[in-house]
1. Give the residues of the range 117-133 that are part of a loop (DSSP other than H, G, I, E, B) and either at pLDDT 85 or above or among the acidic types (Asp, Glu) (or both), sorted by residue number.
2. I need the full set of residues from the range 139-190 which are surrounded by 11 or more Cβ atoms within 10 Å (Cβ to Cβ), in a loop (DSSP other than H, G, I, E, B) and of a type in the set (A, V, I, L, M), in order please.
3. Looking at (1) modelled with pLDDT of 95 or more; (2) under 21 Å from Gly68 (Cβ atoms), can you tell me which one Asp112 breaks?
4. Hey, among Ala79, Ala58, which residue is without any contact (Cβ under 8 Å) to a residue 24 or more places away in the chain and more than 18 Å from the chain's Cα centre (by Cα)?
5. In the range 56-91, what residues are farther than 21 Å from Asp152 by Cβ and in a strand (DSSP E or B)?
6. Restricting the range 13-40 to residues that are in a loop (DSSP other than H, G, I, E, B) and out of contact with any Asp or Glu (no Cβ under 7 Å at 6 or more places or on another chain), which is surrounded by the most Cβ atoms within 10 Å (Cβ to Cβ)?
7. Of the residues Met43, Met1, which is outside any loop (DSSP other than H, G, I, E, B) and either more than 15 Å from Ala182 (Cβ to Cβ) or touching a helix residue (DSSP H, G or I) at 6+ places or on another chain (Cβ under 7 Å) (or both)?
Amino acid sequence: MPKPIIGLSGTFASGKDTLADYLVERCNFMHLSTGDLVREEAMRLRGSVERPVLFEVANQLRREKGAGVIIEIALERFAAAPQYDGIVISGIRSIGEVEAVHAAGGRMVFVDAPVEVRYNRMASRQRDKESLLSLEEFRAGEEKESHVDPSDKTIQNLPAMKEMADIRLDNSGELQTFIDTALQALALTK
């Protein structure tokens with residue numbers, strides 16, 4: 001039986017990292033973040049991980065090697081690590097990345113929660129300057145990111161991620177309920 005491949009996307013502060021951490025700690029999954037992989041490439045190619053550089057490097061990789069290249073890099077690393085029982089690839093944001101997960105036999109999971117719940121989570125974790133945002137600013141930022149060119153498979157497209165997901169999870173309640181629902185939907189046991 002092939003080892004599970006799970007692509008993970010969702011709205012900001014919805015619980016994606018929480019689910020990935022659980023799969024690592026309790027299910028012996030490898031966790032790779034598309035953002036971390038891009039940061040590695042940016043350091044290797046440009047010696048910098050500043051946001052504009054990350055954007056340029058990610059786009060360059062996709063143009064030169066295809067829209068699903070970051071997923072392909074993650075899957076190569078997973079293939080070289082037989083000690084894991086599965087892989088969760090988080091931070092998936094483009095249609096090409098979802099297509100690469102599906103082509104490898106994986107499933108896409110999209111995590112969401114009401115904006116007010118996510119805003120409160122974001123504010124409480126006090127990372128960087130994000131906790132200084134008002135609810136209205138948080139909402140406006142999300143709205144801006146939702147208007148994209150649907151024909152471009154290489155750019156961030158959160159609405160498409162939700163539409164293309166095999167599993168959609170609501171994380172607006174208790175943590176254990178969220179984890180139990182995710183494990184059931186993924187057909188994994190604790």
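1. Taking the range 117-133 first, the residues part of a loop (DSSP other than H, G, I, E, B) are 126-129, 133.
Scanning the range 117-133 gives a single hit, Asp128.
2. Val148, Ile155, Ala165, Leu186, Leu188, listed by residue number.
3. The number of the failed condition is (2).
4. Numbers: Ala58 fails: more than 18 Å from the chain's Cα centre (by Cα).
One residue alone meets the criteria, Ala79.
5. Gly86, Ile87, Val88, Ser90
6. Taking the range 13-40 first, the residues in a loop (DSSP other than H, G, I, E, B) are 13-15, 28.
Going one step further and asking which of them are out of contact with any Asp or Glu (no Cβ under 7 Å at 6 or more places or on another chain), we end up with 13, 15.
On the way: Ala13: 23, Gly15: 25.
Out of the qualifying residues, it is Gly15.
7. Values: Met1 fails: outside any loop (DSSP other than H, G, I, E, B).
Checking each option against the conditions leaves just Met43.
The values are calculated or read from the model by the stated rules, or taken from the named source; none is laboratory data. Since we're looking at a predicted model, the values are computed, not measured. In this analysis, Cβ positions are derived from the backbone assuming ideal geometry, glycine residues included, and neighbour counts consider all displayed protein chains.
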